[in-house]
Amino acid sequence: MKWFKRKTKVSSGPKTVTLRARYDAAQQSAEYARYWQHADGLSAASAMTPDVRRTLRNRARYEVANNSYAFGIVETLADYLIGTGPRLQLRLPDTIQCNWVEAQFEQWAEAVRLTDKLKTMRRSYATDGEAFAMMTTNPALDTTVKLDFQLIEADRVETPIQLMGDDRFNDGIEYDVYGNPAFYYVLKDHPGDIGAVSQDYLRVPASAMVHWYKHLRPGQRRGICELTPALNLFAQLRRYALAVLAAAETAAEFAMVLFTKTPPGGEAADCEPMDRVELERRMATVLPEGWELSQVRPEQPTTAYRDFVKQTLCEICRCLCMPFGIAFGNFEGYNYASGRLDHQPAKLQSVSFRWGYQKMEAF
């Protein structure tokens, strides 16, 4: 078998046989070298630098804002995970007390708009790769509990210029000697604000900050955009749609071409190459001698457009662990069982919030 290489060594003693396993993906041929030329051995922190994450965030936000499929997928992720919002359900001997606490929680969740904030965090999780929520006290709340959540965009969590160079700080987070987050540094002004040059910051204890992101690699400290593997595919979808539309418009326009079969120097009338002639509707005219009139052939890729969109969306929704029917927003061709199967999971992705029961002790 070509997957194994047998090497026989002949010596004065007994014959020895050495088996060496071989991996095709580890070969150094010219073809493989070109294909894997961008592979590197960077650590998680070096691969996910602030500049890299900023570029991915900006492109993901742009794509979601301009691509209806990307926008719908992100909205669906938020709706399926958060739904109508969390509900508190207690099972204690005192039923009256349980009902009172549940009613108080529902009143508080509505006052702080908990459902809307959680959906916004899920959208940020998809486009920015992470979501931040700072726990604060809001005296204006008309509830017994004054706990509130202030959402913070990922751009604001970064190490201020005056604190750079200290090993304790890493990308806006200060760690203790055990490697646990101790404080988060939040800029008071968003770096994207017009005229925002201030480096004033808030030093928020880790116990008062919710930092939600997916751990993809050991040593990772910040989140990477969830749409990263699909960003190029979203761009291809829009480019292909524009190309198909341009082809259809060209075929639908009233365009004619004059051509002649007479060889150069023949008896055809002289015509200026690439000259333009305005045509009118219901017009009868006489062509120059030796020339014929032909309409542009209406060839366009509309027949393959639907298959291209469906196949590309299949690849996009796979990295998000989302069924195709939900991502496509169309269950055409499904039977009832297949549609139910796509909606079977209660949530499309297994995630967890770092809320902790100790943060709800006010109840």
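Between ILE194 and ALA248, with labels modelled 7 Å along Cα→Cβ, what's the label distance in nm to one decimal, could you check?
So the label points at ILE194 and ALA248 sit 3.7 nm apart.
For GLN311 and SER68 in the same chain, what is the full-extension length gain: residue separation times 0.36 nm, less their Cα-Cα distance, in nm? Mind showing how you got there, number by number?
Details: separation 243, 0.36 × 243 = 87.48 nm, distance 1.66 nm.
Full-extension gain reported as 85.8 nm.
What FRET efficiency do you get for TYR240 and ASN170 if R0 is 30 Å and r is their Cβ-Cβ distance, rounded to the nearest 0.05? Spell out each step's value before the answer.
Working: r = 41 Å, r/R0 = 1.36.
The formula returns an efficiency of 0.15 here.
Please give, to one decimal in nm, the separation of the simple spin-label points placed at TRP100 and TYR35, each 7 Å out from Cα toward the Cβ.
Going from the TRP100 label point to the TYR35 one covers 6.8 nm.
Since every read-out is calculated from the coordinates, none of them should be taken as a lab result. In this text, all values refer to a predicted model and were calculated from it rather than measured experimentally. With ideal geometry, Cβ positions are generated from the backbone for all residues, glycine too; neighbour counts draw on all protein chains shown.
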